[in-house]
Amino acid sequence: QMSHLPDSIREKVQNHPCYSEEAHHYFARMHVAVAPACNIQCHYCNRKYDCANESRPGVVSELLTPDQAVKKTKAVAANIPQMTVLGIAGPGDPLANPERTFETFRRLSAEAPDIKLCVSTNGLTLPMHVEELAKHNIDHVTITINCIDPEVGAKIYPWIYWNNRRIRGKAAARILIQQQQKGLEMLVAKGILVKVNSVLIPGVNDEHLKVVSKIVKEKGAFLHNVMPLIAEEEHGTFYGVMGQRGPTDEELQDLQDACSGDMNMMRHCRQCRADAVGMLGEDRGSEFTLDKIEAMD
Ligand code: CLF
Ligand code: SF4
C-alpha cells in the first residue's frame, strides 16, 4: 500500500498510526485534552463527554492546561519509545480553542521537534487557521465531514455559533459545509495531509456518505474514516430523534466497501479518547496522570 506513495507523503505517513494501517502495529499516539469549548452542536454529542467526532462517546477526559499538556507529552515520549504522534482532539473542538491549542503546538514544536503534530476539527473555523497550522508544521489534519448537502446537515446539526450569533437549521449547515470544504481545499493546497472522518448515521447520511467520499477524494483528502454512530442512551445520543440507532457491523463494512473504489478507507480506527495514550486500542493514560508525571521529575 505504502510503496505507491510519493516520497514526500510516505515520509509523513510511515510512522503515523492512523494514517498508515501498517504503522499502527509499531507506533503509538497520544492525545492531550486541552480544548474544552465547541462552536457547533452535533445531535449525537453530549457535552458532558469528549467530542464524538474523533473520540469515543461516553468518556470524560481530564482537561489539561497547555503547560500540563507539554509536560505530559514529554513524560510519555520519554517512557513509550513507540510514541510518534501527538494529537489534539478534544474534549471540544480544538480550533474553537485556538489559544490553548496553538500554545500547546507552539511549545511542542520548539521543545519536542521529533513528535509529529496532529489535530482534528469540525471545520467551522478551519479556513482562518490554516496559515497557523502550516506555520507549526502540522502535517496531519482531520476534518469531520458528515454531509455536503444542507438538507442532510440540518438533521445532524441543530445549530452553529458563527460571528457571535447562533444560527440554526439549513442555514447553519450550509455555512458549516462551506467552511469544511474551503478548509479542505486550503489544506491540500498547502501540502497538509487531510483525513476525513464521517459518522455513519443510519437513515440520515448512510447513502449520502458515498457522495461525500467521492467529493473529498476529488478535492485531495488522503484518507476517509467512516465511523459508526455509537447510540447508547446513557450518552444522550440524538436527542430529539429518539430511537436513532447506530449501524450494524455489516452496514458499516458495506459502506466502507462501497466507498473504497474511490477512496483510501481507514478501517483500523479505534475511536480513541481525547486523552488516549499508547498504541491504538491500548489505553495507558492511567500511567501518566498529572500526579504521576509530577512524581517523575
Ligand atoms: Fe489522534 Fe486522530 Fe490524529 Fe490519530 S486518533 S487526532 S488522527 S493521532 Fe486515529 Fe484514534 Fe481513530 Fe482518531 S484511531 S479516533 S483516527
Ligand atoms: Fe460535540 Fe464534537 Fe460535535 Fe462539538 S464537534 S458538538 S464537541 S461532537
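The values are calculated or read from the model by the stated rules, or taken from the named source; none is laboratory data. None of these values were measured; they are calculated from a predicted model. Ideal geometry is used to build each Cβ from the backbone, glycine not excepted, and the neighbour counts take in all protein chains shown. Heads up: the accessible areas ignore ligands, DNA and RNA and are worked out on the full protein's heavy atoms, side chains in. Shrake-Rupley method; radii C 1.70, N 1.55, O 1.52, S 1.80 Å.
Within the bounds of the stretch 60-75, is there any residue that is closer than 25 Å to M266 by Cβ and at pLDDT 90 or above? Yes - at least one qualifying residue is present in the stretch 60-75.
State whether the residues of the stretch 215-226 include one that is touching a strand residue (DSSP E or B) at 6+ places or on another chain (Cβ under 8 Å), in a helix (DSSP H, G or I), modelled with pLDDT of 95 or more and open to solvent by 20 Å² or more (accessible area, probe 1.4 Å).
Initial filter on the stretch 215-226 (touching a strand residue (DSSP E or B) at 6+ places or on another chain (Cβ under 8 Å)): 216-217, 220-226.
Now drop any that are not in a helix (DSSP H, G or I), which leaves 216-217.
Next cut, modelled with pLDDT of 95 or more only: 216-217.
Next, only the ones that are open to solvent by 20 Å² or more (accessible area, probe 1.4 Å) stay: 217.
The answer is yes, given that some residue of the stretch 215-226 is touching a strand residue (DSSP E or B) at 6+ places or on another chain (Cβ under 8 Å), in a helix (DSSP H, G or I), modelled with pLDDT of 95 or more and open to solvent by 20 Å² or more (accessible area, probe 1.4 Å).
Considering each of R166, R100, R107 in turn, give the residue that is free of Cβ contacts under 8 Å to residues at least 12 places away in the same chain and in contact with a helix residue (DSSP H, G or I) (Cβ under 9 Å, 6 or more places away or on another chain). Before you say what the answer is, go through the steps one by one.
Working: R100 fails: free of Cβ contacts under 8 Å to residues at least 12 places away in the same chain; R107 fails: free of Cβ contacts under 8 Å to residues at least 12 places away in the same chain.
The conditions single out R166.
The residue that is nearest to the chain's Cα centre (by Cα), among those in the stretch 39-55 that are within 16 Å of ligand 1 (Cβ to nearest atom) and closer than 22 Å to T65 by Cα, is E54.
Under the condition of being within 28 Å of P66 (Cα to Cα), in contact with a strand residue (DSSP E or B) (Cβ under 9 Å, 6 or more places away or on another chain) and in a helix (DSSP H, G or I), the residues counted in the stretch 1-30 number 3.
When the stretch 245-275 is limited to residues that are modelled with pLDDT under 90 and buried (at least 18 other Cβ atoms within 10 Å of the Cβ), the one that is farthest from K219 (Cα to Cα) turns out to be D275. Scanning the stretch 28-56 for residues that are farther than 22 Å from A75 by Cα and at pLDDT 80 or above yields P36, A37, C38, N39, I40, Q41, C42, H43, Y44, C45, C51. What strands (runs of 3 or more DSSP E) completely inside the stretch 60-174 contain at least 2 residues that are open to solvent by 10 Å² or more (accessible area, probe 1.4 Å)? In the stretch 60-174, 83-88, 116-121, 159-162, 165-168 are the strands (runs of 3 or more DSSP E) which contain 2 or more residues that are open to solvent by 10 Å² or more (accessible area, probe 1.4 Å). Residue count for the stretch 187-211, restricted to those that are more than 13 Å from ligand 1 (Cβ to nearest atom), within 29 Å of K135 (Cα to Cα) and open to solvent by less than 10 Å² (accessible area, probe 1.4 Å): 1. Number of residues in the stretch 96-126 that are at pLDDT below 95 and within 16 Å of ligand 2 (Cβ to nearest atom) equals 0.
Here A33 meets the list (1) within 12 Å of T104 (Cα to Cα); (2) part of a loop (DSSP other than H, G, I, E, B); (3) away from ligand 2 (no atom under 14 Å from the Cβ); (4) not hydroxyl-bearing (S, T, Y) almost entirely, failing just condition (3).
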